[in-house]
Amino acid sequence: MSNASWAERGNKAFIGTYSRFPAMMTKGKGCLLWDADGNEYLDFLSGIAVCSLGHCHPVVTKAITEQAQTLVHVSNLFHTQSQIELAELLTDNTFADRVFMSNSGAEANEAAIKLARLYSGEGRYEIITLSGSFHGRTLATLAATGQPKFHEGFEPIPAGFVHAEFGDPQKVEQLITDKTCAIFCEPLQGEGGVRPLDENYLQALRSLCDAHDLLLIFDEIQTGMGRTGTLFAYQQTGVVPDIMTSAKALGNGLPIGAMLTTGHIAKAFGAGTHGSTFGGNPVAAAAAVAVMREMLSDDFLPAVQEKSRYFIKKLEEVAGRFPELATGVRGQGLLLGLVLSENGIEHGAGIVQRMFERGVVINFAGNKVLRFVPPLVVTHEEIDKVMDELVVVLAGLD
Ligand SMILES: *Cc1c(COP(=O)(O)O)cnc(C)c1O
């Protein structure tokens, strides 16, 4: 059966929340994907920053297979080995002493929001987030998300979130009241258009939290797990959060999220205060253990940094060649954006479509930026190929 007939079946049976590419993907290996018509794609989106070790990485597949043959699920009424190993890997390699596991990013953020409120005590529940942020699709994480378009039609939006204008710490300070309990942000806004927060800004947020006795929460769901060249993005800044969330690449495709914090703050969550039936499921946790071990091996993260420099240089060359379409490059590690000019933005969706037709998967983030999120195992040759295709597509526009 062809892509077209699969798409027709899918569109009939599904609620229309997704605008999908017109392809039924059948197989993946490394940075490559294949569809039902036999087309091959270079996947520079990685399932939205998830398959960071590439599709079907052998160590992950082995871990999943072995765990699936041993024990799939028992709930969090019991201890399980892969979950404990994962918790230790996360705490040994971050600021955190304690972990709560969930199935998704939004749920990890929900846990962070609940913990911040419980820890801060009665009357202190308000959380300051940033305009342009993205924190998830559940009602509370939607309320945290600083993009009004995601709120429309879902009112009443849960109370307790205020959004500060991006880029000036004073705008955050002005929103602090007796009710504030936390400042919550992504170290680099992914969905909002690959916008990094600079180190001085993050440092200023840390100082505000210290001065006003607030918690600093970093959403590293997209920036974490090697994506920016260190295990977590905060590790390049010297700014340490009180709570951090991870998901997306944590399981390389198996659904798992984590909320991490210090031993002191964790004490606010006693037995029965929060929970999840599936969170940290043995199979998903086994995948995440394999991912962590691979990423923590000696050469992995330095190689990401090296490929990042190479990719940035290539993207800058493209931006230089098409100044009427692109104004520059931003991002960190292998979370990179080609920033489009006003003229370029009109073509944004079309560029993504034409790249797809030429066998390259990318997307258009925040309606401003062509986002490149390849698997971290990408090669220079694969980067070159994608840049060649981009040049052909951009040259075809004018
Ligand atoms: C994707 C994402 C989320 C939501 O994660 P889900 O797994 O889709 O719930 C939250 N925050 C950030 C920064 C993200 O990129």
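The values are calculated or read from the model by the stated rules, or taken from the named source; none is laboratory data. Just so you know, these numbers come straight off a predicted model, no measurement behind them. Positions of Cβ are backbone-derived with ideal geometry, glycine not excepted, and every protein chain shown enters the neighbour counts.
List of remarks:
- Number of residues in the stretch 25-72 that are in contact (Cβ under 8 Å) with a residue 60 or more places away in the chain, loosely packed, with under 15 Cβ neighbours inside 10 Å and in contact with a strand residue (DSSP E or B) (Cβ under 7 Å, 6 or more places away or on another chain) equals 1.
- Residue satisfying condition, being in contact (Cβ under 8 Å) with a residue 60 or more places away in the chain and not in a helix (DSSP H, G or I), within set 323, 375: 375
- Of residues in the stretch 102-123 being touching a residue at least 12 places away in the same chain (Cβ under 8 Å) and not in a helix (DSSP H, G or I), the one surrounded by the fewest Cβ atoms within 10 Å (Cβ to Cβ): 123
- Residues that are under 23 Å from residue 129 (Cβ atoms) and either of a type in the set (D, E, K, R) or away from the ligand (no atom under 12 Å from the Cβ) (or both), drawn from the stretch 229-246: 232, 234, 235, 236, 237, 238, 239, 240, 241, 242, 243
- For the residues 75, 82, 104, the requirement of being modelled with pLDDT of 95 or more and within 16 Å of the ligand (Cβ to nearest atom) singles out 104.
- Meets criteria (within 14 Å of the ligand (Cβ to nearest atom) and out of contact with any Ser or Thr (no Cβ under 8 Å at 6 or more places or on another chain)) for residue 206: no
- Lone qualifier among 293, 309 - being under 30 Å from residue 68 (Cβ atoms), among the basic types (Lys, Arg), more than 16 Å from the ligand (Cβ to nearest atom) and surrounded by fewer than 24 Cβ atoms within 10 Å (Cβ to Cβ): 293
- Picking from residues in the stretch 89-101 that are part of a loop (DSSP other than H, G, I, E, B) and within 21 Å of residue 50 (Cβ to Cβ), the one that is farthest from the ligand (Cβ to nearest atom) is 93.
- Looking across the stretch 164-187 at every residue that is within 25 Å of the chain's Cα centre (by Cα) and among the β-branched types (Val, Ile, Thr), the one that is surrounded by the most Cβ atoms within 10 Å (Cβ to Cβ) is identified as 183.
- Residue within the stretch 233-240 that is at pLDDT 95 or above, assigned to a loop (DSSP other than H, G, I, E, B) and on the phi > 0 side of the Ramachandran plot present: no
- The residues of the stretch 58-77 that are under 15 Å from residue 283 (Cβ atoms) and in a loop (DSSP other than H, G, I, E, B), listed by number, are 69, 70, 71, 72, 73, 74, 75, 76.
- Unique residue being modelled with pLDDT of 95 or more and more than 16 Å from the ligand (Cβ to nearest atom) when the list is 286, 249: 286
For (1) aliphatic (A, V, I, L, M); (2) in contact (Cβ under 8 Å) with a residue 60 or more places away in the chain, each residue gets a yes or a no:
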site: 191; (1), (2): no, yes
site: 202; (1), (2): yes, no
site: 207; (1), (2): no, no
site: 254; (1), (2): yes, yes
site: 280; (1), (2): no, yes
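- Residue match in the stretch 22-30 (condition: in a loop (DSSP other than H, G, I, E, B), at pLDDT 95 or above and in the same structural domain as residue 308 (by TED's automatic domain parsing)): yes
- Tally, over the stretch 124-136, of residues that are surrounded by fewer than 24 Cβ atoms within 10 Å (Cβ to Cβ) and assigned to a strand (DSSP E or B): 2
- Qualifying residue in the stretch 295-309 (condition: among the β-branched types (Val, Ile, Thr), assigned to a helix (DSSP H, G or I) and either more than 14 Å from the chain's Cα centre (by Cα) or in the same structural domain as residue 116 (by TED's automatic domain parsing) (or both)): yes
- Residue list for the stretch 187-232, filter: aliphatic (A, V, I, L, M) and part of a loop (DSSP other than H, G, I, E, B): 194, 197, 214, 221, 225, 231
- Filter pass, residue 201 being under 29 Å from residue 255 (Cβ atoms) and more than 16 Å from the ligand (Cβ to nearest atom): no
- Looking only at the stretch 238-280, and only at residues there that are among the polar types (S, T, N, Q) and in contact with a Leu (Cβ under 8 Å, 6 or more places away or on another chain), the one that is farthest from residue 112 (Cα to Cα): 252
- Matching residues, the stretch 137-163, being crowded, with 24+ Cβ neighbours inside 10 Å and either assigned to a loop (DSSP other than H, G, I, E, B) or within 10 Å of the ligand (Cβ to nearest atom) (or both): 141, 144, 145
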